[in-house]
Amino acid sequence: MSKALIELVKKNFPDAVLESHSQLGDDTLVLAPGRWKEVCSFLKDNAQSDMDMLTDLTAVDYPDRDPRFEVVAHLYSLGRGHRLRLKAKVGDRDGETVEIDTLTELWASANWMERECFDMFGVKFLGHPDLRRILTYPEFEGHPLRKDYPADKIQPLVQYRDEPNIDKIAPFGVDEGMSFGRQTHARNRGDDDSRMN
Amino acid sequence: MPSFKLDDKDIPFEPGDTIIRAAQRAGVDVPHYCWHPGLSVAANCRMCLVELMPPPGRPAMLLDVLAWDDLHQTYVPQKKPKLQPACQQAAADGMVVKSQTSEHAVRARSAVQELLLLNHPVDCPICDQAGECRLQDYWLEHQASKKRMKDEPIHKPKGVVFGPTIVYDAERCIMCTRCVRVSAELAKDPVLSMRERGNLNEITVAPGRQLDHGYTLMTEYVCPVGALTSSDFRFKARVWFLRSARSTCVGCATGCSSYTDFDPRNQKIYRYRPRENAAVNKYWMCDDGMLDYQRIHEGRVLEARIQGEGVSDAVALEKAADLIKQASPQKTAILLSAEHSNEDNQALLDFGKALGALQLYYSGRPQGQGDDILKSADKNPNTAGVLALSGGRAKPFTDLVAAVKEGKVGVLVALGSAIGNPNDAGALKDLKNFVALSTHDGPIADHAAVVLPASSWAEADGTFVNRTGLRQESDRAINPQGASRPAFRWVQELAKLLTLTLPWKKVSELRSLSQGVDASASSPSAPPPGGE
Amino acid sequence: MEPLDQELESSELELPTEPMLLNVGPAHPAMHGTVRIVMELSGEIIERCDVQVGYLHRGFEKMCERGNWSQVFPYVDRCNYVSPMLNNVGFALACEKLLGITVPERCQWYRMILGELARMSDHLTCDGAMAMELGAFTPFLWMIKGREMVWEIMEEETGARLTHSFGRVGGMAAPPTDGFKEHTRAVVKHILTIIDEVERLLLGNRIFLDRLENVGVISAADAVSLGWTGPCLRATGIPYDVRKAHPYLKYGEVDFDVPVGTTSDSFDRFMVRLAEMRQSARIIEQCLERMADKGPVNVDDPRVVLPPKEEVYNSIEGTIQHFKIIMEGLKLPAGEVYSYTEGGNGELGFYLVSDGSGTPHRVRIRPPCFLITAGLERVITGQMMADVVPSFGSLNMIGGECDR
Amino acid sequence: MGELKATTTSILEPGQTSGFATTRFESLLAWAQKYSLFMNPFVTACCGMEFMAVSSPRYDFSRFGSEAPRFSPRQSDLLWVVGTIVQRQAPILKRIYEQMAEPKWVLAFGTCASSGGFYDNYACVAGLDKIIPADVYVPGCPPRPEAVLDGLMLLQDKIQRGDRTPGIVKPRIDPVQEPNTALVQLRRSRSSRPPA
């Protein structure tokens, strides 16, 4: 359906489109990171595409690729009912400088999604009004959704209680806590005494 | 280069190639059990059957078969092409082969698969092969149908002990005879063979013999199903929990390419597997090498020691720095190790340079038995590398012993754990200022005043140079155990304490430094650390 | 009167007020425990405010990259925990799109019914909580009563009241139970009466109307630019409903209306949800009509669907099939897909990236709540302090989905 | 109120309508406390849905005297921790607990609050007892209202007995020992379904 879109963009930005495919009916354009915002604003304003909604914006981490990250945006046009997926490959191998233009001027929804993307992947969106962490806390170090961040590496904000072997506090044993058929209720319910202990 | 067509894909081949070999080289998998690139062709599993299209103008080779006709409830004669095993059929130029595109071949494979599973026990839950089993893979790819036979399957011996390393389960066996051929062709010891026939046939060991040649574990490795299991790996781990790191065997100077299979959850290494490498080990590894992984967890130095007492890293470093300060550069000796990677040795070399140390020695594990298949007598993975790095300046351990006896050595900074000749250990007793970076307990770690726990080859990336001067990388599998760190990290710390400047900061720089020298520059006259 | 007063200018009589910082949440009952709003008040008017989420960030997407594809279902359950079945179905559809399979008809109807029931429970909860936060406790009790009925059906079908990981790639965990149809019919009828009662109780209530009408207004353009979807967007008059715009399952074959609002205030959002429940009832009726009583619910593909247990235990083929799917995990072909369904709060998108192995490379859920909550700032700025609670309630922010 | 009876002697002649009773003061106090629990629901996640269900008419927990929710911790003496506690939430929970006045009890509602559940990752606290002590753990994801009520009664017993060792709600009947439990019956009904 929206193959036309790919053609449209290719026609207007022959050098910005690096590759394009429509796997499983999802039309996809891979853009040069430098032209990211330019193409997006074109897609938003052009009457033929008129992408008035940025449904989703996220990133994917390919640790063994260079550039390492893919910023993925899904556009939707309420009026025409067609979708388009935009991608830009950004970032160096060790993920120190990962930068791309912000889309906040085009779509208000970009604001929080870019903040999340920065929080989770460390993608810096140049020109974003306030690029703070959103899901994790300011004290958090690193970016959890990167593949090289250990999934279970916690960064506690408060001191854990210094109980002896706090990892297995009672009652996580068989006999601890409530025994089967506690007396008090058994008596009140008038159950048979067999289950009492 | 001549080529033939396999499922509408052009496959180039070298003269003498079989179809399956050429296809495999081109990255196309023709399903197979009995065929192995490193072994002779048996063509007895019939899984790789393909349909050969007749050359233009020639009639196809057809067989008369009877097909059941549902309509008339009777058998009707039919013709079907004669299928050929791709592992035996030599490729010819312009040949047209149909594998997955030929419905006959597909049906044949499905039938073969079903027959192979006919008497197979329901063992996957207790089978070590489950997860890397050809039967499982090919069932999904080529059969994917339910069981039709209702009878009780044939029962055969289970848990037959073939030898010290191998246990055999006849019920799971599909009689591909790979193990037989490995024994005969690789190990040159035809101790396995097949007995009985039909449903009942099974693999047996020659009477009065055990499966005990030097490559028994290869029989388990080539076994496409769970029939042969290594008593070492048996019931230890489930393979789908294991991850593999590309490593190089450090068992001897051959440096076979291998995979290190480890469980990331408990950071434990469970086995080695050979990694195909035409330049070194083809497809094989020796038993000693396969079981060499055990050293990674056994007899390790896991905490810093002063005079045998465990102490904290900081304390040990302080003490080490003091000891090194004790003597003048002339009396400072550096002991490299052929057990360790180029990176570690290079780091220590640079350290010695920064110190101005003049005496350079190298040590390693004692000589062992070699053979003309893979094993080499020098049991150190990096002898050539060390000699190359030191530019041949490093003298063997015996010279160090002499120097110590003459009192030339005031300070000894030693890398490694073993020495060529255990009897020389006595000489080390007299050394007071003796700092060792050791992975394992041994003469060096025992006599050193300060021992810093170095992490083993499986816990850090490293480069090893094998006997032919081939430089091979070995990747890190697990995290450093205990308090151990890579030796070059310790060296870095020491240099910091002694305010020495090393020519590198990052590992990448260190590696490029150690790459700088050409391995073949090693003086061939130099004896291996284990002595002649 | 003192002469002093007469001499003063009127301006001098006014009290000087500098903006006051007020922090609401996250442990505030009306903030659902997971949102924190820092407001800058002058008097009672909110001049500026900063909405902070993330107090329920449970690492959903990271956890998904550790297991295999079918192990993701429990996690999506707990994303939007008010309508888990919709997430289940959404994720199953995404995986099936990547696999290129479609489930049997009976399963599609089944999924639709369960999904619409989940939507009902979602809206019941939201509207009930809204009413409660405005002090009307009775409607809350009634609606929760209705929700209990829905949950009873769910429990009978799936075995769990709330977090039923019932969806499967290529079907459902189990076929419908015997009494499913009549049970559902009865419950839907009852819920419709509950809705009527609630309407009669609330829409004549002066306080309720005054608290909601023309409160929390947002323009349609803003809503679109903010990426709003679902009831909140429809309340602004834009009839965008994935079920209509891009029909999936069998939504193309049932007829239902898309209720829209006019003034896009909290009241419209409330009413849109009420109306949607009626539409869901309609859909359920038609689905029940057309769902077959017999027939498979799972696709017939040994690569995707687990074999029956007796085969697993008794035949090597069944065991192998089980092993391949459970131990190695469902092998989804390498590639990426963005699949979208109509969740409780709007377009629920799943962006899956598979590298061909059994483990997901990336599971990105497109959370409608997240974007709607992003608009909260725009909704409440300039409002009275007291209007925050109804406005926020009308957005139906679900912590698990917003923060993941 | 069986526990109270244990230490109570009552003198009441048959046929008479009045008499007197004596008991120990602390048991009377405990008895009063256990039936007038002011609760502070710290609701964060999925379990909140079940919490609504427990407080709504069908499983009305005001029957157990824990009716009045007090959203100010200072006025409440039972803290319901309902749902996952993430690292970011931990300081808030800790402060709320510290703001509560003695005597105070904590009820961990659901698996996440008890042990972190299957969110074993960078974001979550593996059980609230890493931060504050808990009295009763109610397993389940989320727990059934019956289990919650059971936990509430368990807490009341503990208050009466004055023991602060943590307790966990377990099934009344051990499904392993007694095969005829609801769990097993449910399985049966599943397998008796018409095959798909």
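Just so you know, all these numbers are worked out from the coordinates, no wet-lab data involved. Quick caveat: nothing in here was measured; it's all calculated off a predicted structure. Every residue, glycine as well, gets a Cβ built from its backbone with ideal geometry; the counts of neighbours run over all protein chains shown.
Can you check what the net charge comes to around B:Gln359, using other residues whose Cβ is under 12 Å from the Cβ of B:Gln359 (Lys, Arg +1; Asp, Glu -1)?
Details: positive: B:Lys331, B:Arg393, B:Lys395, B:Lys408; negative: B:Asp399, B:Glu406.
Cβ neighbours under 12 Å give a net charge of +2.
Regarding the protein assembly as shown, what whole-number volume in Å³ per residue does the convex hull of its Cα atoms give? The partial results should precede the final answer.
Working: hull volume 384.2 nm³, N = 1329.
About 289 Å³ per residue, rounded to a whole number.
Using the count of nearby Cβ atoms within 10 Å as a rough guide to exposure, how do C:Ser394, D:Ser36, A:Ser22 rank from fewest to most? Walk me through the numbers before you get to the answer.
On the way: C:Ser394 27, D:Ser36 12, A:Ser22 16.
Least to most surrounded, the residues fall as D:Ser36, A:Ser22, C:Ser394.
Summing Lys, Arg as +1 and Asp, Glu as -1, what charge do residues with Cβ under 14 Å from the Cβ of B:Val225 carry, B:Val225 excluded? Please report the intermediate quantities before stating the final value.
Details: positive: B:Arg134, B:Lys156, B:Lys158, B:Arg172, B:Arg178; negative: B:Asp123, B:Asp128, B:Glu132, B:Asp137, B:Asp169, B:Glu171, B:Glu202, B:Glu220.
In short, -3.
Kirkwood hydrodynamic radius, segment C:221-340, all distinct C-alpha pairs: what's the number in Å?
For segment C:221-340, inverting the mean 1/r across all distinct Cα pairs yields 18.3 Å.
Quickly estimate the mean residue ellipticity at 222 nm for chain B, helices only: each DSSP H run with n ≥ 4 gives -39500 (n - 2.57), and the total goes over all residues, rounded to 500.
Details: 14 runs with 115 residues, N = 532.
After summing the helix terms and dividing by residue count, I get -6000 deg cm²/dmol.
Residues with amide H under 5 Å of C:Glu342's amide H, sequence separation 5 or more or different chain, H placed in the peptide plane at 1.01 Å from N; which?
Amide H neighbours of C:Glu342, under 5 Å, 5+ apart: C:Arg243, C:Leu348.
Taking R0 as 60 Å, what FRET efficiency do you get between D:Asp163 and B:Asp263 from their Cβ-Cβ distance, rounded to the nearest 0.05?
Working: r = 42 Å, r/R0 = 0.70.
Efficiency computed from Cβ-Cβ geometry: 0.90.
Rounded if a/c is under 1.5, else prolate if a/b is larger than b/c, else oblate: which is segment B:305-521, with a ≥ b ≥ c the root eigenvalues of its Cα gyration tensor? Please report the intermediate quantities before stating the final value.
Numbers: a/c = 1.38, a/b = 1.20, b/c = 1.16.
It is rounded, given that a/c, with a ≥ b ≥ c, falls under 1.5.
Relative to the first principal axis of the alpha-carbon coordinates of chain B, what is the inclination of helix B:487-497, with its axis defined by its Cα atoms, in degrees from 0 to 90 and to the nearest 10?
30 degrees
At C:Arg66 and B:Asp430, where each label point lies 7 Å from the Cα along Cα→Cβ, what is the point-to-point distance in nanometres?
About 5.8 nm separates the two model spin labels.
Can you tell me how much longer the chain between B:Ala60 and B:Lys408 gets when fully stretched, taken as 0.36 nm per residue apart minus their C-alpha distance, in nm with one decimal? Show your work: numbers first, answer last.
Values: separation 348, 0.36 × 348 = 125.28 nm, distance 8.52 nm.
So the chain would gain 116.8 nm between B:Ala60 and B:Lys408.
I'd like the mean, over residues of A:110-119, of how many other protein chain beta carbons sit within 10 Å of each residue's own Cβ.
On the way: counts 4, 4, 11, 6, 0, 2, 8, 0, 0, 2.
So the per-residue partner count for this stretch is 4.
Ranked by Cβ crowding within 10 angstrom, fewest neighbours first, how are D:Cys47, C:Cys369 ordered?
Ordered from fewest to most neighbouring Cβ atoms within 10 Å, D:Cys47, C:Cys369 come out as C:Cys369, D:Cys47.
Within straight cross-link reach of B:Lys353, meaning Cα distance under 30 Å, which lysines are found once same-chain residues fewer than 8 apart are removed?
Filter leaves B:Lys319, B:Lys325, B:Lys331, B:Lys379, B:Lys395, B:Lys405, B:Lys408, B:Lys429, B:Lys432, B:Lys496, B:Lys505, B:Lys506.
Which lysines, on any chain, are close to C:Lys294 with Cα under 20 Å apart, when same-chain ones fewer than 8 places away are left out?
Reachable lysines: C:Lys181, C:Lys250.
Along the Cα→Cβ direction, 7 angstrom out, place labels at B:Glu276 and D:Arg63. What is the inter-label distance in nm?
7.0 nm
For B:Gln294, project a label point 7 Å along Cα to C-beta. Then give me every residue of segment B:132-170 with its amide nitrogen under 13 Å of that point.
B:164-166
PRE reach from B:Leu497 (point 7 Å along Cα→Cβ): which of segment B:453-487 fall under 12 Å by backbone N?
Once the point is set 7 Å along Cα→Cβ of B:Leu497, B:453 turn out to lie under 12 Å by backbone N, inside segment B:453-487.
Which distance in nm do the two modelled labels at D:Ser72 and B:Asp475 give, with both placed 7 Å along the Cα-to-Cβ direction?
6.1 nm
Averaged over B:228-241, how many beta carbons belonging to a partner chain fall within 10 Å of each residue's beta carbon? All intermediate terms of the calculation are to be shown ahead of the outcome.
Working: counts 0, 0, 0, 0, 0, 0, 0, 0, 0, 0, 1, 1, 7, 1.
The per-residue average across the peptide is 1.
Please state the shape class of segment B:456-520: rounded when a/c is under 1.5, otherwise prolate if a/b exceeds b/c and oblate if not, all from the C-alpha gyration tensor.
Values: a/c = 2.58, a/b = 1.23, b/c = 2.09.
Oblate, since a/c reaches 1.5 and b/c is not below a/b.
Report the Cα centroid-to-centroid distance between segment B:356-376 and segment C:317-394 in angstrom, as an integer.
Cα centres, segment B:356-376 to segment C:317-394: 58 Å.
Measure nothing but the geometry: give the 0 to 90° angle between the long axis through the Cα atoms of C:266-290 and the longest principal axis through the Cα atoms of chain C, rounded to 10°.
Its long axis makes an angle of about 20 degrees.
Can you list residues from other chains, or at least 5 along the same chain, whose modelled amide H is less than 5 Å from the amide H of B:Thr332?
B:Leu358, B:Gln359, B:Gly410, B:Val411
Got the relative contact order for segment B:3-116 handy, in percent, Cα pairs under 8 Å and 6 or more residues apart?
Values: 190 pairs, mean separation 39.7, N = 114.
It rounds to 35 percent for segment B:3-116.
May I ask you to list the lysines whose Cα is less than 25 Å away from that of B:Lys236, ignoring any residue fewer than eight positions away on the same chain?
Excluding near neighbours in sequence, the set is B:Lys156, B:Lys158, B:Lys268, C:Lys324.
So what is the relative contact order of chain C, in percent, for Cα pairs below 8 Å that sit 6 or more residues apart? Walk me through the numbers before you get to the answer.
On the way: 742 pairs, mean separation 100.5, N = 404.
25 percent.
Rounded, prolate or oblate: which one fits segment D:59-135, using the alpha carbon gyration tensor with axes a ≥ b ≥ c (rounded when a/c is under 1.5, else prolate when a/b beats b/c, else oblate)? Can you show the working numbers first?
Details: a/c = 2.42, a/b = 1.50, b/c = 1.61.
Cα axes put segment D:59-135 in the oblate bin.
Suppose R0 equals 30 Å; then what is the FRET efficiency for D:Glu98 and B:Ser312 from their Cβ-Cβ distance, rounded to the nearest 0.05? Let's see the in-between values first.
Values: r = 36 Å, r/R0 = 1.20.
After rounding, the FRET efficiency stands at 0.25.
Is there a quick way to get the dipole size of segment B:3-116? I mean about its Cα centre, with the Cβ of Lys and Arg at +1 and of Asp and Glu at -1; what is the value in debye to the nearest 20? Walk me through the numbers on the way to the answer.
Values: 12 positive and 13 negative charges, 36 e Å.
The dipole of segment B:3-116 has a size of about 180 debye.
Calculate the dipole size of the protein assembly as shown relative to its Cα centre from +1 charges on Lys and Arg beta carbons and -1 charges on Asp and Glu beta carbons; express the result in debye to the nearest 20.
Numbers: 150 positive and 173 negative charges, 754 e Å.
Value, rounded to 20: 3620 debye.
Hey, how many Å between the Cα centroid of segment B:434-486 and the Cα centroid of segment D:58-137?
Value for the Cα centre distance between the two parts: 49 Å.
Ordered by packing density, taken as the mean number of other Cβ atoms within 10 Å over each peptide's residues, highest first, how do A:48-55, A:115-122, B:343-350 rank? Walk me through the intermediate numbers first.
Working: A:48-55: 21.1, A:115-122: 23.8, B:343-350: 27.5.
Top to bottom by mean Cβ count within 10 Å: B:343-350, A:115-122, A:48-55.
I'd like to compare D:112-120, B:200-208: which one has the highest average count of other Cβ atoms within 10 Å, and what's the full order after that? Mind showing how you got there, number by number?
Details: D:112-120: 23.3, B:200-208: 14.0.
Sorting D:112-120, B:200-208 by mean packing, highest first, produces D:112-120, B:200-208.
Considering only DSSP beta bridges where both residues belong to segment A:1-140, give the percentage that are antiparallel (nearest 5). Intermediate values should be presented prior to the final figure.
Values: 22 of 29 bridges.
So the antiparallel bridges amount to about 75 percent of the total.
Suppose R0 equals 45 Å. What FRET efficiency, 1/(1 + (r/R0)^6) with r the Cβ-Cβ distance, do B:Arg197 and B:Asp70 give to the nearest 0.05? Mind showing how you got there, number by number?
Values: r = 35 Å, r/R0 = 0.78.
Computed FRET efficiency for B:Arg197 and B:Asp70: 0.80.
Nearest 10 degrees, 0 to 90: what angle lies between the long axis of helix C:105-133 and the longest principal axis of chain C (Cα atoms)?
Result, in degrees: 20.
Looking at the protein assembly as shown only, what percent of DSSP beta bridges run antiparallel? Nearest 5 please. Don't skip to the answer; put the middle values down first.
Values: 103 of 148 bridges.
Here the share of antiparallel DSSP bridges comes out near 70 percent.
At what distance in angstrom do the alpha carbon centres of segment A:48-106 and segment C:25-39 lie from each other?
31 Å
What are the residues whose amide H is under 5 Å from the amide H of A:Leu18, where those residues sit 5 or more places off or on another chain and H is modelled from the backbone?
Answer set, sorted by chain and number: A:Val30, A:Leu31, A:Ala32.
How much of the DSSP beta bridge set in segment D:23-172 is antiparallel, as a percent to the nearest 5?
Working: 1 of 17 bridges.
If we restrict to bridges inside segment D:23-172, about 5 percent are antiparallel.
Sum up the charges of everything whose Cβ sits under 13 Å from the Cβ of A:Ala108, counting Lys and Arg as +1 and Asp and Glu as -1, but leave A:Ala108 out. Each step should come with its number before you reach the end.
Details: positive: A:Lys44, A:Arg115, C:Arg378; negative: A:Asp52, A:Glu105, A:Glu114, C:Asp222, C:Glu377.
Result for the local shell: -2.
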